[in-house]
Amino acid sequence: MSDEPQVQEPEDNGASSAGIIATLAVAGMLAGLLLVVVYEATQPRILAYKEKMMKEAVGLVLQEPASFTTLYLVDGKLTLDLPEDAVEKDFEKVFVGYDEHNSPVGFAVVHNRAGFQDQVKVIFGYDPETGGMMGMKVLESKETPGLGDAIEKDMDFVGQFERVVAPLVGVKKGSGSGDPHEVDMITGATISARAVIRIINEAFERWDPLIKAYDHGGSKDA
Amino acid sequence: MRETTPKQDLFRGIWKENPVLIQMLGLCPALAVTNTVENSLAMGVATFFVLLGSSLSVSLLKKFIPGEVRISTYIMIIATFVTVADMSLEAMVPVVHKKLGAFIALIVVNCMILGRQEAFASKRPVGRALLDAVGVGTGFMIAMVMMGGVREILGMGSFLNIPLFGDNYEPWVVMILPAGGFLTLGFWLLGLNWWAERKKQRQKVLAARESSERRAA
Amino acid sequence: MFGKEFFRHGVHPPEAKDLTADVPIRRVPFPDQIVLPLRQHIGAPSRALVRKGDRVERGDKIAEAGGFVSVAIHASASGTVKDVEKRAHPDGSYVDSIVIDVEAHSAQVPRPRVIPHWEGLDKKELLRAIQDGGLVGMGGAAFPAHVKLSPPPDQKIDTLLLNGCECEPYLTTDHRTMVEYPERCHIGTRILMKVLGVKKAVVGIERNKPDAIKIMRETVPDDLDIEVLPLTVKYPQGAEKMLIKAVMDREVPEGGLPMNVGVVVMNVASVATVAEIFETGQPLIERILTVTGSGIKKPRNLIVPIGMKVGDVIDACGGFTDDACKVIMGGPMMGPAQGNMETPILKGTSGVVVLNEEEAHPQATYPCIKCGHCLDACPVFLDPQHLGSLGLNMEYMEMYDKNHLSTCMLCGCCSYVCPSHIPLSHLFGVAKSALRSEGVRV
Amino acid sequence: MGDLIWILISTVLVNNFTLAYFLGLCPFMGVSARVETALRMGMANIFVLTITSICAWLLNTFLLDHAPYLRVISFIVVIASLVQIVEMVIKKVSPALFKQLGIYLPLITTNCAILGLAIFQTNKEYDFFQGLFFAIGAGLGLTLALVLMASIREDAERAQVPKIAQGMALVLIIAGSLSMAFMGFAGLGSAS
Amino acid sequence: MSKPSLLLTASPHVLGPDSTPRIMWTVVATLIPIIATSVFFFGPSALLILIAAGAGAVLTERLIGRKGSLNDGSAAITGILLGLTLPPGMPLWMAFLGGFFGIAFGKLIFGGLGQNPFNPALLGRAFLQAAFPVAITTWPTTDGPWGALRGDNFALPLMSPKVVDGTTGATPLGLFKFEQTGTGMGNLLMGNTSGSVGETFGLLILICGAYLAWKNYLNWRIPVSIFATVFAFSGILWLVDSSAYQSPMFMLFSGGLMLGAIYMATDMVTSPTTNPGCWIFGAGIGFLVMVIRVWGGLPEGMMYSILFMNALVPFINRSTRPRVFGQQPKARAAKSEEAKS
C-alpha cells in the first residue's frame, strides 16, 4: 500500500525562483484572506457558544445563582480585575456566584487530572463556609463508554455532589456509614469515580485557602 | 494515464476504487471517528467539502502552480479549506465538532485528498476534477457510513441514535473503542474479499462449464 | 582439559542394541555378484581401472583415487567384471559401479603380496599406503582417512580420538569390533599415532557397552598413553564434534574440522582396518556389519565383502519376518530407507536395520505448535523450528545465509522429538541438496 | 517530574498514538513488514516528532496567539520545511545516519502523527517540557506498535493464512488484537 | 528371497513418544479436576459457562477450520480455558461469542493451529472484556445454595443480563484494590473466593501444572519465572509498606495468576521457543501483572500481561536464538582474524 503521493520530477524546470516565490506569496495571501474572512464570521458564534456552555456549567454546579463573576489568581491572590496589559488566558480562575441580593452563594472551580483513559476535567461548586458541595459536572472525559462514562451519565452518582461535604471519601455503594463526607462509588467504574473525587479533593485543597482569603467586601457589593 | 470517460471519473471512486475499502487511503479518520453514524457523516461531509474545494482550486490554478513547489501548494490549499471547514463546523454544530475534535484538522494529512490533487485535479479540466472529487468524496462517505453503521449498531444498539433492539440491548462496548475500529474495517475487508473470491470461483465454474459445453458441441 | 563426558542437548532414543550386542561376528558365504560403486566416500569418485570382461582377484585394485580427497577401491571377491554401469546406490541415486560376477567355488584367497613392516615406513609412505588401502571413515560419513591424517603443517595435533560410541540405536558393529578385536584397535592406534606424531590417544565409549570398556582397558599396551573414557549414553554422542566436546571440551569452529582444535577422530572400526592393512596387506574389502531389527529373523553381526547386495545380506540372516516393512541402510536415525534390495553394502555402511510394521508405522503430521522441543534437542544449537518453516516455504538461501544451515549434520534429533512429526531433518537435507545443485557449499 | 513521567507512560501505553488514536497508520500498515525497517521508521519518527513538538511550541507561543486561524497551515508548512532542512543537515553531517533514517524522513512529513501531535499538544495546553515528553512518548509508542506489528507479520508471512484474510485484513485484525491487549494499561498512574 | 512391500520414508525412522494430539488431550485431562472443583464451588452455572464457551470454540473450528482439525484437541482446550476465565454468572451467549471470536479471529485467521500470535482463549476473553465490561466483572459469591444459578446465565442473545441482587461479591484483588479488604489465606488457597469459573483453586492448578511440567508438556521456566518475578516484586513492596501492599503469597494465589501462569502463558504456540526466551517471557508477564495490579486501573492484569508478551514473542525468539555450536563470538572471531593476518 502506498499512501504517499508519487512525487514525480516536475516537468517544467523553467520557472524562476522569483516566479515561484511570487506565486506562493499570492496563494498564501489569498488563503490568508479567505481564512480571516471565515474566522471573523464564525468566531463570535464560537465564543458565544463556549461562553454559554461555561455559563450553563457554572450555573448548574452553583444551583442557578442570580449572577456570577470570574476571579483571577494574580500573585497568589484572587482578584476581580486583571492587571493591565495582561492576557486573560494566562491566569487561573475560579467563578463566584451571587444570589439576588448580591451576596455570594458559592464558588465554582475547574480542575483536571488523569482518569482511566485520559485527562478528566471537572467543574464543581461549593460553599466555602460549610464546605458543602453544590454540584459537579464532568466537562471533558474519554472514559470507557458504558462503564467509566457513568461519571457523566449516572445520575445517582452525579446527584450526590449536591449533598456531600468536602473533603470527600469514596465508599462502596451501599456500605456508607452516613458520614456527610462519603460518596458512593459506581460499581464497575471505581477508577473513574475515584478520579472525580480525587480531582475535587485536590482542587479543594488548593483553592479553599485562597477562596477563604478572598474578601468579598471590596468587590461586587461596592 | 489511461483516458477515462466522465462517467468513469464519477463512478470509479464510489466503489471500484473506493478510497478506504480498496485503496486503503484516509484510514485515520475512517477508524478514529466512525464510532457513530452521525460522526461518520459529519466527517464525511467535511472531507467531501475539502476535497471538492481543493480539487476545484487546484484544477483552476494548475497553470500557475510551479512544479517544484506543487506539493506544498496543494497542502496549503487543502489546509485552508480544512481550517474553513473546522471553523464552520465549530460555529454551526459545536456538539459534533467537539466529538470529532482534532481529527477535522487532520483532514489535511488525509493522503486521499492530496493523492487526488497530484494524480487527477492537477492534470484535468475543472469539470472532470469536480466529477472525480464528487465520486471519491461519495465513496469515502459510503465507507465512513459502512464503518459507522456497524460500529454504532453493535456498539450502541442504534442507528443514527434510533434504538434498534429495545432497552435491554447489551451494547458491545468494544466496537466504539479504538480496537473496534480496527476490527470493523478488518471484518469489512474479510467480507469483501470473501465476496470477490466467491465471484471469481463462480466465474471459473461458469467458464469451465462453457468450455466443456463448447467441447461437447 | 577434559570435558564433562557429555555434550548439551541431544536425545535418548530406545537403544535396542540387545538384539545383537552379544552375538559374535561371523563370516558369510560369498554372494553371486558384487556391486562396487565408484562413489563410496565423500570427495571425488574413484576412477575405474578395469573394463568389462576383465578378471579380478580378491584384493586387486580395480579403481584408483580420483583426487586427493578420494581413495582406491579393491575387488572384494574374485571373479569377472560384468560391466561398469549405473547401479542403485543406497542414497537413492544411480551411480557408476563396477559389477563383478563372483567366481563360483573359488577359494577367495587374496593375491600374495610383499608387505613391508610399517615401523620401517615414514609418514608419507604410511599415508600413501592408507590411501591405497582404500580406507575411509567406517562410522557412516565415509571421509577418506588419509585426508584426516594429513593436517596442514600449521595445525598442531595433540590427540587422537577413537570413536567407540556407536550412538545409533540397534547397531553393534563397533561394539563387537572392540570386544573381539581389541588388539587390532590398539595396533591401529599405534600406527596412527606415529602418522600424526601425537603422544596421546583417547577412546570414547558410551557406558552402555561395559564389556567393550573393560576389554579395551585391559588390552591397552603399557608403552602407549591410551585412555579409555566411558561416556554418557546419548544420541548423537558419536558425531565427531559432539565427541570432541564431550571428551576434550573443545568446540570445533563453525565450518571447521576437528583438526582446527588439535584433534583427529577415527572410528574404531577404521582403526582396526588400519591394523589389518599393515599387518595382513589386505585393503578395505570387507567390513563388520550389524544386520538387525524386528523385521529380521536372525539378527547377527557379520563380516561381509564390500559390495554385497543388501538382499543377500538379509538372506544370510534368515530373511525377513512376515511383517517386515522397512529396510534401513545404516542406523535408524540417519540411514536412508531402501526400496531396492540390489543396493550394495558400502565401505561406510555400519548396519542394516529392518523394522516391522508396528515400528515403522508412519505417524500423521500436524502443524508446528512451536513447543521448542527441537531447540532443546539440537546438538548444534540451531533453531530447527524456524529452519523448518523456512524449509517448507523453500527459502533455502535464507536458511543458509542467516540460519546456519551448513552447521546442521542431519542427525535427526529434531525430527525425533517433534510431537507434530514434521520431517525436519528431511527438509534440511532437501534444502542442502537444492543448494548444492546451485553450487552452494553446505 | 512525576507529571512528565506520567505523560510519557500514558502516551506510550495507555493512549498509544497508533493503537488508540489511529495516528501514524500509514507507516503502521505500510512499513511494518520487516522488523528492521520498522525499527528504523520508529527511530525516524521519534526524531521528527521531537522536532515537531519544539516547532509547535514555538509557533504556539510566539505566533498563533495572534492568529489562531493560521494554526493548521503554519503547523504543516513549518514542520514540513523544518524536517526537510534537518534532512539536508543530516545528509551533510552524518551520511551514515542519513542512510539509516534518510528515506523515511520525507515519508513522515505528511504523516498524520506529526500534525496530530502538534494539534493534541496545543489542545492539551502542554508547556515546553510536557510537550517534549509527549512527543517522545508518542514516538516510542509508535515504535513499539510498529515493531510488534512487524515481528508478528514476519511470522505470519510463513503461516498458511486463508486467502480472504491475506494482506490488510489480517493486519487490521492484528492491530485490533494489539489494541485490545494495550487496554490493560488503562488507568495506569491514576489509581495510586 | 521374498521381498515385502517396503516403506520409504525419510530418516529418522524412530520417533519420540510424544504427539501433538497427545499433548493437547493430556492438557484437557488435567483440566478435569479443575472443572470439577469449579462446579463444586459455583454449581451448575460453572458447567454451563464451560459448555457454552467450549461449544463456541469447537463449532467454529468445525465450521471454518480445516477438516479434521478438531482431532488435535486444541479447539477444545481453547474453549475450556476461555470458560475457566469467565465469571460463572455470565450470560451464555457471551461465553459462546467469546469462543467464536477466539477461534475465528485468534486462530483460524492466521491459518489455524500453531500459527496464531495471541493465545486464542485470552483473545476471546479480551474481546469479551472490552465488549461487555460490566458483565465480565460481575462476580458471584461461592456461598448460597449449590444448585442455584449464579447470575442470569440464560439471558437472551444480545440482551443484557438481569442483575440478581445480593449474590455478587468482589474478587480478592478487587476487594483489596477498591475496598482495602484482605482475604484469608486459607480461602485463597482452597479457591473458596469469588472469581472466574476456574481460577480460584490455586493449589490444585499448581499440582496439575507440576504434572504437565514433569511430562514436559509445558516449559516449566515460564511459570517459575512468573512466580519468581511476582514474588520478588510484591515482596519488596510488602517489605516497604505491608499495610498498603499485599503479601507475595496473596499476589501469587489471587486472581487468574495461577491459571494464567500454568495454562495460558505456557501455551506452546504463543510462548517463546527458546529457553532464555521463556525466562524473559515469564519475567515480563510477572512484571507487567504487578504493574497493572499495583499502579494500573484494573484489579487484575494477567490476561493483558500475557497478551502483551504474546505480541513480543516473535521478537523474543529472534533475539534469544542460541549461539550455534562452533560459532565464534564476534569479538573473538575478529581477534583470530587479526592473529591470522
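Computed from point charges on the beta carbon alone (+1 for Lys and Arg, -1 for Asp and Glu), the dipole magnitude for the protein assembly as shown about its Cα centre is near 4180 Debye. Start at zero, step by 10 Å, and the Cα-Cα distances of region E:19-169 spread as 12, 42, 32, 12, 2 percent across the bins. Holding the Cα-Cα limit at 30 Å, pick out from C:LYS86/C:LYS124; C:LYS52/C:LYS309; C:LYS17/E:LYS67; B:LYS63/D:LYS91; A:LYS137/D:LYS124 the pairs that are longer than that. Violating the 30 Å limit, Cα to Cα: C:LYS86/C:LYS124; C:LYS17/E:LYS67; B:LYS63/D:LYS91.
Within region B:3-62, the GluC sites (Glu not before Pro) that combine a DSSP coil assignment with at most 16 other C-beta atoms in a 10 angstrom radius are B:GLU3, B:GLU17. Checking the a/c ratio against 1.5 first, then a/b against b/c, what shape does the Cα gyration tensor give for chain C? Here chain C falls in the rounded category. Under 5 Å from the amide H of C:HIS74 lie the amide H atoms of C:ILE62, each residue being 5 or more positions distant or on a separate chain, with H modelled from the backbone and absent for Pro and chain starts.
For chain D, the equivalent ellipsoid derived from the alpha-carbon gyration tensor has semi-axes of 29, 22, 14 Å in decreasing order. Within region C:264-401, all pairs of alpha-carbon atoms sorted by distance into 5 Å bins from zero give the percentages 2, 9, 14, 15, 13, 12, 13, 12, 7, 2, 1, 0. Working from Cα pairs under 8 Å separated by at least six residues, relative contact order for region E:19-169 is 26 percent. Under the combined filter of DSSP loop state and at most 11 neighbouring Cβ atoms within 10 Å, region E:1-76 retains these trypsin sites (Lys or Arg not before Pro): E:LYS67.
A straight line joining the Cα centroids of region C:233-293 and region E:32-64 runs 58 Å. Kyte-Doolittle mean at least 0.5 and Cα extent at least 18 Å along the axis: which DSSP H helices of chain D qualify? Helices passing the filter in chain D: D:35-62, D:71-93, D:128-156, D:168-182. Ignoring the sites themselves, chain D has its longest run without GluC sites (Glu not before Pro) in a DSSP loop having at most 16 other Cβ atoms within 10 Å at D:1-124. Restriction of the trypsin sites (Lys or Arg not before Pro) in region B:1-58 to DSSP coil positions whose beta-carbon has at most 16 other beta-carbons within 10 angstrom yields B:ARG2, B:LYS16.
When the P(r) of region C:68-125 is calculated, the portion above 18 Å amounts to 60% of the C-alpha pairs.
Over region E:171-319, the ratio between the Cα radius of gyration and 2.2 N^0.38 Å evaluates to 1.00.
Across the alpha-carbon atoms of the protein assembly as shown, the computed radius of gyration and Dmax are 39.7, 142 angstrom. For region C:1-156, what log10 I(q)/I(0) values come out of the Debye formula at q = 0.11, 0.16, 0.18 1/Å, with one point per alpha carbon and no solvent? For region C:1-156 at q = 0.11, 0.16, 0.18 Å⁻¹, log10 I(q)/I(0) is -0.62, -1.08, -1.20.
Taking a straight Cα-Cα cut-off under 17 Å and skipping sequence neighbours fewer than 8 places away in the same chain, the aspartates and glutamates within cross-link reach of C:LYS347 are C:ASP60, C:GLU64, C:ASP91, C:ASP96, C:ASP132, C:GLU166, C:ASP174, C:GLU276, C:GLU286, C:ASP312.
Close amide-amide hydrogen proximity is noted between C:VAL228 and C:VAL203, each under 5 Å apart and 5 or more residues distant or on a separate chain (H modeled in the peptide plane; Pro and chain starts excluded). Cα-based radius of gyration for chain E, normalised by 2.2 N^0.38 Å, reads 1.11.
For B:LYS16, the lysines whose Cα falls under 19 Å of its own Cα, not counting residues fewer than eight places away in the same chain, are B:LYS7, B:LYS199, B:LYS200.
Counted over region A:62-218, the DSSP beta bridges are approximately 90% antiparallel. First check a/c for chain A, with a ≥ b ≥ c the square roots of the eigenvalues of its C-alpha gyration tensor; if it is under 1.5, answer rounded, and if not, answer prolate when a/b is larger than b/c or oblate otherwise. Oblate shape, in that a/c is at least 1.5 and b/c is the bigger or equal ratio. The antiparallel fraction among DSSP beta bridges confined to the protein assembly as shown stands at about 70%. From helices alone, the protein assembly as shown scores -15000 deg cm²/dmol at 222 nm; the rule is -39500 (n - 2.57) for each run of n ≥ 4 DSSP H residues, then divide by the residue total. Here the relative contact order of chain C, from alpha carbon pairs under 8 Å that lie six or more residues apart, stands at 19 percent. Counting only Cα atoms, the size of chain B along its three principal axes is 67, 56, 23 Å, in decreasing order.
Working note: Debye formula, equal point scatterers on the alpha-carbon atoms of region C:373-437, no solvent; log10 I(q)/I(0) at q = 0.25 Å⁻¹ is -1.04. Our summary gives chain D a relative contact order of 44 percent, counting only alpha carbon pairs under 8 angstrom and 6 or more residues apart.
Every number in this text was worked out from the coordinates using simple rules, so none of it is lab data. Computed from a predicted model, the values in this text were never measured in an experiment. Heads up, the Cβs are rebuilt from the backbone with ideal geometry, glycines too, and the neighbour counts pull from every protein chain shown.
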